[in-house]
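Asks: Below you will find the structure I want to go over with you.
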There are 2 protein chains.
Amino acid sequence: MIDEPRSGCPVNAAVEVLGDRWTLIVLRDIMFADRRHFRALQRESEEGIASNILAGRLRDLVAAGLLTHDDPGAGKRATYSLTEASIELVPVLAHLGWWGLRHRPTTPELRVRAERLHEGGPEMWQAVMADLRERHLGVSAGTAGES
Amino acid sequence: MIDEPRSGCPVNAAVEVLGDRWTLIVLRDIMFADRRHFRALQRESEEGIASNILAGRLRDLVAAGLLTHDDPGAGKRATYSLTEASIELVPVLAHLGWWGLRHRPTTPELRVRAERLHEGGPEMWQAVMADLRERHLGVSAGTAGES
DNA sequence: GACAACCGCTTGCATTTAGCAACCGCTTGT
DNA sequence: ACAAGCGGTTGCTAAATGCAAGCGGTTGTC
């Protein structure tokens, strides 16, 4: 985190924090599958992330300000939350998914979310972001409870 | 290229081909800085990519169908061209740059392109894509070109 | 109060990828 | 003949990825 950026280009700046094989996958699962605990992220992962890799990514994401981590002490359930910065990745992920859908091999079941996000367009992205702000940034206290 | 995808999710499919520290940087330079030759991509690189890494990325991108490569034989100038698939990454890169601009450290000079792409919006992206199709896909006349 | 199941990780090890520096055969221009 | 430019490759080290197992804590059940 103290290493110099390779350049001051915005695309490079984004790639430096998002550009690896797992970061966007983890964020996708937190955003769209509401997996906010370590074990949920690890065991329910479609792609099968290893626990040490996941631990490293979560640490890096917290350090970069894309996640926050409430740690209630050893043995207890800890929760990862998105920040405003990561919530604003929703349009990027929507576009990326739509591109992947058109240009890479995918399976019908897993295509559904990307299709809906594309059809919904920017207005739906804003609605998704508003919902995430409520649930992750605690806009209104105890709004737990969907599923 | 023969290894199985980790999942059939569109976001994962995109990450599998774009998710590393250099792929999007190379595509950015070809798209927006019009660097279409090996040495231009390597020596004029803002971020300083090593020649072996660049060679590997170019090979992978051609294999994935995101670039084409006209090879006129040893010692001569070879040209890399975008494909329809990579041209359609323009909106993704525009969004990614706009996100990086807002949420990561950048420098004023290098911010300009991302700012303009954001201000121009989807209409400008379409214009950029049309221009790229002309120059890289040879929409008019033969595959000859610029330079 | 013993025991299993769940919690968020860490450790050790092997494999894969990134990265640096030097170099190569070929072509083009002087 | 010679230097400069062309697209890379080779050898090497460092770092990241990935697998399997385990660890100290807590929570729930009998």
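Asks: So what is the relative contact order for the range B:1-71, in percent, with contacts set as C-alpha pairs under 8 Å and at least six apart?
Replies: In percent, rounded to a whole number, it is 25.
Asks: Taking a label point 7 Å out from Cα toward Cβ, give me the nm distances from A:Arg77 to the same spot in the other copies, shortest first, one decimal.
Replies: Ordered by increasing distance: 6.4 nm.
Asks: Expressed as a fraction of 2.2 N^0.38 Å, the rule-of-thumb size for a compact globular protein of N residues, what is the C-alpha radius of gyration of the range A:10-141? Walk me through the numbers on the way to the answer.
Replies: Values: Rg = 14.9 Å, N = 132, 2.2 N^0.38 = 14.1 Å.
Here the answer is 1.06, to two decimals.
Asks: Okay, next question. What is the spin-label model distance, in nm, from B:Glu109 to B:Arg59 if the labels are put 7 Å beyond Cα along the C-beta direction?
Replies: Modelled inter-label distance: 3.4 nm.
Asks: For A:Thr79, list long-range residues whose amide hydrogen, built 1.01 Å from N in the peptide plane, is under 5 Å from its own amide hydrogen.
Replies: Amide H neighbours of A:Thr79, under 5 Å, 5+ apart: A:Asp70.
Asks: What is the protein assembly as shown by shape, rounded, prolate or oblate, if you read a ≥ b ≥ c off the alpha carbon gyration tensor as root eigenvalues and call it rounded for a/c under 1.5, prolate for a/b larger than b/c, and oblate otherwise?
Replies: The shape class here is prolate.
Asks: Roughly how many whole Å is it from the C-alpha centroid of the range A:1-79 to that of the range B:39-81?
Replies: One Cα centre to the other: 31 Å.
Asks: Order of A:78-86, A:91-99, B:86-94 by packing, highest average Cβ count within 10 Å first?
Replies: A:91-99, B:86-94, A:78-86
Asks: Can I ask one more? Using a simple spin-label model with points 7 Å from Cα along the Cα→Cβ vector, what separation in nm is obtained for A:Ala74 and A:Arg43?
Replies: Inter-label distance under the simple model: 2.1 nm.
Asks: Quick one: 3J(HN,Hα) in Hz for the range A:86-94, Karplus 6.51/-1.76/1.60 with θ = phi - 60°, rounded, Gly and Pro as x.
Replies: 6, 4, 6, 7, 3, x, 5, 5, 4
Asks: Where nothing but the Cβ of Lys and Arg (+1) and of Asp and Glu (-1) is charged, how large is the charge dipole of the protein assembly as shown around its Cα centre, in debye to the nearest 20?
Replies: Dipole size: approximately 460 debye.
Asks: Another question, then. In whole percent, what relative contact order does the range A:18-147 give with Cα contacts below 8 Å and a gap of six or more residues?
Replies: It rounds to 20 percent for the range A:18-147.
Asks: Residue by residue through A:15-24, how many Cβ atoms from other chains fall within 10 Å of the Cβ on average?
Replies: 6
Asks: What dipole magnitude, in Debye to the nearest 20, does chain A give about its Cα centre under +1 on Lys/Arg Cβ and -1 on Asp/Glu Cβ? Before the final figure, lay out each step's value.
Replies: Numbers: 18 positive and 21 negative charges, 76 e Å.
Rounded to the nearest 20 debye, it is 360 debye.
Asks: Additional query: Taking a label point 7 Å from Cα toward Cβ, how far is B:Pro122 from its twins in the other copies, in nm, shortest first?
Replies: Computed spacing set for this position: 0.8 nm.
Asks: Provide a whole-number value for the mean count of partner chain Cβ atoms within 10 Å of the Cβ atoms in peptide A:77-88.
Replies: The shielding value for this peptide is 1.
Any read-out appearing in this document is the output of simple, stated calculations on the displayed coordinates, not a laboratory observation. As the structure is a prediction and not an experimental result, all values here were calculated from the model. A quick note on method: Cβ atoms are made from the backbone with ideal geometry, for glycine too, and the neighbour counts reach across all protein chains shown.
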